[in-house]
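What follows is a single structure, written as structure tokens, with notes after it.
Nothing in this text is a laboratory measurement; each read-out follows from the coordinates by a stated rule. Everything numeric in this text was worked out from a predicted model, so none of it was measured. Here the Cβ is made from the backbone with ideal geometry for all residues, glycine too, and neighbour counts use every protein chain on show.
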Amino acid sequence: MSQLHTVNKSPLERNTLESAITHAVKGNALLMIEDGVYGAIQGTQKSGMVSDAMGDISFYVMGPDLKARGIDESRIIDGIKVVDYSGFVALVAEHDVTQSWL
């Protein structure tokens, strides 16, 4: 059963990104939305954790949420795919279960 994990809280303020990565299994996907997009930025204290998990988990970030926060896509960790709202819907439809980490 494939699972999509969504994280909407900043990893610099809460541990939701870390919890989602810890609970995700090989073949799962993780989408960072809202303030969760800060977890996709290169060179932060959490970027190593994200990069290390990329072998098993597919990572995505919401492009409109990056733009709303003034974050350029060039600052995103290599290998994270930027999606729009239709991409978000496609991810939900593609996975059997969606788990939101609050």
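Taking the helices alone, the chain has a mean residue ellipticity at 222 nm of -8000 deg cm²/dmol, built from -39,500 (n - 2.57) per DSSP H run of at least 4 residues and averaged over all its residues.
Couplings 3J(HN,Hα) of segment 71-84, computed from phi: 9, 6, 4, 5, 8, 7, 4, 4, x, 7, 8, 8, 10, 9 Hz, in residue order, whole Hz [Karplus 6.51 cos²θ - 1.76 cosθ + 1.60, θ = phi - 60°; x for Gly and Pro]. Cut-off 10 angstrom, C-alpha nodes, Gaussian network model of the chain. Which of 57, 41, 71 fluctuates the most? In the Gaussian network model the winner is 71.
Listed by Cβ neighbour count within 10 Å, with the fewest neighbours leading, 62, 1 appear as 1, 62. Using a Förster distance of 22 Å, how high is the FRET efficiency between residue 25 and residue 81, based on the Cβ-Cβ distance and rounded to 0.05? Once rounded, the FRET efficiency stands at 0.70.
Taking every DSSP beta bridge that has both ends in the chain, the antiparallel portion is near 5%. Considered as an equivalent ellipsoid built on the Cα gyration tensor, segment 3-101 has semi-axes of 18, 16, 12 Å, the largest given first. Relative to the current alpha-carbon distance between residue 68 and residue 96, full extension at 0.36 nm per residue lengthens the span by 7.2 nm.
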